[in-house]
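Read through the structure below, which is laid out as structure tokens, and then see the notes.
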Amino acid sequence: MHLELCYRVFAVLLCFPTWMEATGDPNKCAGDRGDLLALCQSAPRSCKELLSKGEFLSGWYTIYLPGCWPLRVFCDMDTDGGGWLVFQKRLDGSVDFYRTWNDYKKGFGNQLSEFWLGNENIHLLTREGNPAFDLGIRVEGKLDLVYNES
């Protein structure tokens, strides 16, 4: 009983926004464990995957890391063919980047302007077992590829 309750609370917290958008059924999350596993297996894992599934507008999306861990990220769907995950954005100095280690660890900023995704999140995105990635840096509108992990 206790484990089932924990599972249901976890499932609702994890998948409600995505399932509600995908199915329109607010009760779907209360379904069986197979439904949750199916969602996790088909959930987008990267901005590049979102682009391949027809998401073509730059903006904030939820991707799912191994273990079905949701992460809200900004996807640039315009630069160099799109599908880029942005982990730092600096525009006008509206957010103070002189921060503590813990702030950089967890991430900070404003989704509408400047932000840092967080060292822990970047580690989860790039650790062994995740797909290959390109790291690009854009300064004043010009993109330069600086690293390719194949």
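The values are calculated or read from the model by the stated rules, or taken from the named source; none is laboratory data. Every value quoted in this text rests on a predicted model; they were computed, and no experiment measured them. Here the Cβ positions follow ideal geometry from the backbone for every residue, glycine too, while neighbour counts run over all protein chains shown.
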- Note down all Cβ pairs under 6 Å where the first residue falls in region 90-108 and is surrounded by 10 or more Cβ atoms within 10 Å (Cβ to Cβ), the second is among the acidic types (D, E) and not in a strand (DSSP E or B), and they're at least six residues apart or on different chains. R90/E114; S94/E114; V95/E114; K105/E120
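Let me confirm something: among D134, D80, D96, D76, which residue is more than 13 Å from the chain's Cα centre (by Cα) and modelled with pLDDT of 90 or more?
When all the criteria are applied, what remains is D96.
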